[in-house]
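Trainee: To start, I am sharing the structure in question, which I have written as structure tokens.
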Amino acid sequence: MSRRLRVPVAIVVAIVASAGVALAATLALTSKSLTTFSADQAAPTTTAGGFTPSSLVLANRASPTAGTSGFAESGDTVTVTFSHAIKQSSLCSNWTTDLASQALTGVTVTIDNDGPDNTLNDRVVIGASPAACTGGFQFGHVDLGSKGFVTSTGSSFKDVPFTGSQIDVTGSTIKITLGTSATGGTNGELNPISSQTTAVYTPDSDIKSSTNVAVSGTASVTGVQL
């Protein structure tokens with residue numbers, strides 16, 4: 001709520017002059033009213049340089065035994081780092097207070113075979129909404145840069161879910177650790193991609209910084225993914 005406080009121009013000029021502040025010749029006083037803000041109005045907040053994802057890493061499992069490079073499997077990780085700290089409630093509505101770290105376990109992460117319309121590259125997405133996040137976990141997706149990570153027979157486009165996955169959020173970082181894959185039958189099959197691809201992370205538009213700035217931009221990485 002704002003209130004308009006009317007102050008005669010002559011008084012304003014007199015006050016400024018008495019304070020020893022020179023008025024620039026180009027200053028034009030075109031209004032006889034000033035605007036003040038009530039105490040319940042939050043001052044606008046900006047983040048220098050905007051709020052963007054600044055790095056993306058898709059890493060092969062290192063332990064308990066090394067995984068297969070280029071092949072999505074349990075223990076592989078997807079890590080996104082942002083330019084500033086994340087407002088955690090913009091990821092999960094149940095996280096009403098920003099903490100040093102937050103974790104979700106038992107999450108289903110899915111490699112979407114050829115994207116949502118079956119014409120794009122395979123994507124890493126959050127599958128079924130985690131029970132601990134009303135309305136789902138707002139992540140976005142990672143385009144893996146290839147259609148070959150998941151395959152299926154015939155004209156079907158079957159996805160591969162990874163149940164028991166984990167999401168860890170710390171400061172400006174989201175880390176996803178893949179759980180156990182389910183392949184065959186109603187699901188697709190996993191396929192190794194040993195060549196380099198360019199993976200691109202596109203954040204969910206609901207994600208905000210800890211200072212309430214909306215996210216923009218993408219992050220990418222070129223290499224053998226996962």
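We did not get these values from a lab; they are worked out from the coordinates using the rules stated. Model, not experiment: these values are computed from the prediction.
Trainee: Could you tell me the center-to-center distance, by alpha carbons, between region 184-207 and region 89-161 in angstrom?
Mentor: 9 Å
Trainee: Still on this model: What list of ³J(HN,Hα) couplings, whole Hz, do you get for region 70-75 from phi and the Karplus terms 6.51, -1.76, 1.60, once you set θ to phi - 60° and write x for glycine and proline?
Mentor: Whole-Hz 3J(HN,Hα) from phi for region 70-75: x, 10, 5, 7, 3, x.
Trainee: Relative to the present Cα-Cα distance, how much length would full extension add between T183 and S89 at 0.36 nm per residue of separation?
Mentor: Value of the extension gain: 30.5 nm.
Trainee: Something else about it: What shape does region 62-204 have by the C-alpha gyration tensor, where a ≥ b ≥ c are the square roots of the eigenvalues, rounded means a/c under 1.5, and otherwise prolate means a/b greater than b/c and oblate the rest?
Mentor: Prolate, since a/c reaches 1.5 and a/b exceeds b/c.
Trainee: Another one. Can you tell me how much longer the chain between S205 and S129 gets when fully stretched, taken as 0.36 nm per residue apart minus their C-alpha distance, in nm with one decimal?
Mentor: Working it through step by step, the gained length comes to 25.7 nm.
Trainee: Please tell me the relative contact order of region 53-223 in percent, rounded to the nearest whole number, where contacts are Cα pairs under 8 Å and at least six residues apart.
Mentor: Here the relative contact order equals 29 percent.
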